[in-house]
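The values are calculated or read from the model by the stated rules, or taken from the named source; none is laboratory data. Every value quoted in this text rests on a predicted model; they were computed, and no experiment measured them. Because the Cβ atoms are built from the backbone with ideal geometry, glycine has one as well, and the counts that use them run over all protein chains shown.
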Ligand code: BTN
């Protein structure tokens, strides 16, 4: 476990205008997303962050759990408000890019994305995001739950071959506060652009970073598994697959390389 973080540490060096400035910090919580969703239903401002040193019931995508060792990692949720409705389906891509770019500014690593928004180093996952929304269709609020494996040094047997951390990839203990600040800065700048109607560049940016495009993959969701070559992103944010039955667009699921290999 690395040293516990105080609210003062976090706020003192934050350079953002709003992101992270309203900050709820917990030693232990069930899930930062659950707490942030409740806050999003009140008048918590845009950019509010719920941060926890440890989650007892951290939530992952597709109903899974997210486990991260205490005090070693970044587990927090960010409330996003005032998003243009036309841009909502691109929010997961902006979030992934904001995190990846923020980390690359302070750690010398080449970060790739695995569709939809896992962050990977050399084929291993070190960051996952869980987006949930609340509010009305015309004025939704999005909670972006972000789990970054920073200084965790080992993983349970079921994921030890597919998971990694910034520490394991660099051999150096990383400064969680510095990474958080850089990610907040990057996300705030990206969402400023989105709100100003200048978010369109995300498609090309995301494609450049993505390790899934061009590959023969299987996408498994609750209801079906679709096989095909990932060839691009649809206008509504889905992933287009070239399958034996023609083009299919998928919106959620788990990607494996055809043949069952995780990638
Ligand atoms: C995934 O890859 O399955 C998504 C993982 C998301 C984990 C983060 S940790 C902070 C936030 N709170 C949660 O309960 N989940 C997200």
Do any strands (runs of 3 or more DSSP E) entirely within segment 98-148 hold 1 or more residues that are within 14 Å of the ligand (Cβ to nearest atom), farther than 19 Å from residue 67 by Cβ and in contact with a strand residue (DSSP E or B) (Cβ under 8 Å, 6 or more places away or on another chain), and if so, which?
-> 112-114, 124-135, 140-148
Would you confirm whether any residue within segment 43-53 is without any contact (Cβ under 8 Å) to a residue 24 or more places away in the chain, more than 16 Å from the ligand (Cβ to nearest atom) and farther than 27 Å from residue 167 by Cα?
-> yes
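For segment 54-67, what are the residues that are surrounded by 14 or more Cβ atoms within 10 Å (Cβ to Cβ), assigned to a loop (DSSP other than H, G, I, E, B) and near the ligand (Cβ under 7 Å from one of its atoms)? Working first, answer last.
Step one: filter segment 54-67 for residues surrounded by 14 or more Cβ atoms within 10 Å (Cβ to Cβ), giving 54-55, 58-61, 66-67.
If we keep only those that are assigned to a loop (DSSP other than H, G, I, E, B) as well, we get 54, 58, 60, 66-67.
Of everything in segment 54-67, those that are surrounded by 14 or more Cβ atoms within 10 Å (Cβ to Cβ), assigned to a loop (DSSP other than H, G, I, E, B) and near the ligand (Cβ under 7 Å from one of its atoms) turn out to be 58, 60, 66.
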For residue 44, are the conditions met, namely being more than 23 Å from residue 139 (Cβ to Cβ) and touching a helix residue (DSSP H, G or I) at 6+ places or on another chain (Cβ under 9 Å)?
-> no
Across segment 80-97, which residue is farthest from the ligand (Cβ to nearest atom) among those that are touching a residue at least 60 places away in the same chain (Cβ under 8 Å) and more than 13 Å from residue 129 (Cα to Cα)?
-> 84
Test set (1) more than 13 Å from the ligand (Cβ to nearest atom); (2) surrounded by 21 or more Cβ atoms within 10 Å (Cβ to Cβ) - residue 74 fails condition number = (1)
Go through the residues of segment 24-31 one by one and say whether even a single one is away from the ligand (no atom under 16 Å from the Cβ) and at negative phi.
-> no
For segment 62-76, pairs from a residue that is without any contact (Cβ under 8 Å) to a residue 24 or more places away in the chain to a residue that is surrounded by 19 or more Cβ atoms within 10 Å (Cβ to Cβ) and part of a loop (DSSP other than H, G, I, E, B), with Cβ under 9 Å and 6 or more apart or across chains, are 65/58
Checking residue 260 against (1) at pLDDT 95 or above; (2) farther than 28 Å from residue 143 by Cβ, which single condition isn't satisfied?
-> (1)
